[in-house]
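The values are calculated or read from the model by the stated rules, or taken from the named source; none is laboratory data. Computed from a predicted structure; not experimentally measured. Here the Cβ positions follow ideal geometry from the backbone for every residue, glycine too, while neighbour counts run over all protein chains shown. In case anyone asks, the SASA skips ligands and DNA or RNA and just uses the protein heavy atoms, side chains included. Shrake-Rupley method; radii C 1.70, N 1.55, O 1.52, S 1.80 Å.
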Amino acid sequence: MSTRRKILDAATSIMEEGAGQRLTVRAVAERAGVGMGTLRHHFPTQRALLDAVLASMYESAMPDDRIHDTAVPARQRLIDNLGRLVAAIGTGDEARALWGEMFQNYISLDAPDDVRATYAAFDEQAARRVETWLSVLVEQGALEEGDNTARAHFLLSVVNGLVLWRALPLAQSPLVREVDALTLATAALPFTQ
């Protein structure tokens, strides 16, 4: 196993154990069994390390291969991938527990600024992921060219609302609402097929 991979695995395990709590380079180096200089050689900043960990976690949890499956209509592929982002929160008590952790780590007045700042990395990584999906669809000629950054932010706004619904005690199943909302959101994009 490469040193870079050992560092990423150590950082990922710390992230998974702490649900986004303090990911320090010192803790990662210690867990990976490498020196600080070696860690800094591979990841010059804490942000570079965090970005690499998040990219690795997204790829592991949600590979991009579905977006390339041209046997499925382009809009449906995008809906499916966005739905996978929503599904990552779980449902019911699982979703409420994760929302509680998110509130504690990123929203509450007691949340430390350095922990709060990690949310920006999560948000940027999610936006990059959705932008990549949109770029693939543009390259395939299934979606007109346009501002994929703005499109990604719009779609993530819908995803974030759906993720919140998953935690709320609703009369109607949030799964029905998700399909309808994602279908309407993707209808706002200029698909060519």
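Considering each residue of the stretch 133-144 in turn, at least one proves to be outside any helix (DSSP H, G or I) and open to solvent by 80 Å² or more (accessible area, probe 1.4 Å).
Among the listed residues Arg151, Arg129, which satisfies the condition of being free of Cβ contacts under 8 Å to residues at least 60 places away in the same chain, of a type in the set (Lys, Arg) and open to solvent by less than 70 Å² (accessible area, probe 1.4 Å)? Spell out how you get there, then give the answer.
Values: Arg129 fails: free of Cβ contacts under 8 Å to residues at least 60 places away in the same chain.
Of the residues listed, the single one that is free of Cβ contacts under 8 Å to residues at least 60 places away in the same chain, of a type in the set (Lys, Arg) and open to solvent by less than 70 Å² (accessible area, probe 1.4 Å) is Arg151.
Checking every residue in the stretch 154-161 against the condition of being part of a helix (DSSP H, G or I), under 18 Å from Arg77 (Cα atoms), free of Cβ contacts under 8 Å to residues at least 60 places away in the same chain and open to solvent by 20 Å² or more (accessible area, probe 1.4 Å) gives at least one match. Restricting the stretch 77-100 to residues that are closer than 30 Å to Gln193 by Cβ and among the β-branched types (Val, Ile, Thr) leaves a set whose member that is modelled with the highest pLDDT is Ile79.
Just to check your reading of the model, which residue among Tyr106, Tyr119 is open to solvent by 60 Å² or more (accessible area, probe 1.4 Å), touching a Phe, Trp or Tyr at 6+ places or on another chain (Cβ under 7 Å), under 22 Å from His153 (Cβ atoms) and not charged (D, E, K, R)?
Numbers: Tyr106 fails: open to solvent by 60 Å² or more (accessible area, probe 1.4 Å).
Answer to the check: Tyr119.
Entry remark, the stretch 162-184: residues being open to solvent by 70 Å² or more (accessible area, probe 1.4 Å) and of a type in the set (S, T, N, Q) number 1 in total. Restricting the stretch 57-67 to residues that are part of a helix (DSSP H, G or I) and exposed (fewer than 14 other Cβ atoms within 10 Å of the Cβ) leaves a set whose member that is modelled with the highest pLDDT is Asp65. Within the stretch 89-103, the residues that satisfy the criterion of being of a type outside the set (Lys, Arg) and surrounded by fewer than 17 Cβ atoms within 10 Å (Cβ to Cβ) are Gly90, Thr91, Gly92, Asp93, Glu94, Ala97, Gly100, Glu101, Phe103. The set of residues in the stretch 112-159 that are more than 22 Å from Asp80 (Cβ to Cβ) and among the aromatic types (Phe, Trp, Tyr) contains only Tyr119. Taken as a whole, the structure leaves Ala117 outside the set of residues that are at pLDDT below 85, part of a helix (DSSP H, G or I) and touching a Leu at 6+ places or on another chain (Cβ under 6 Å).
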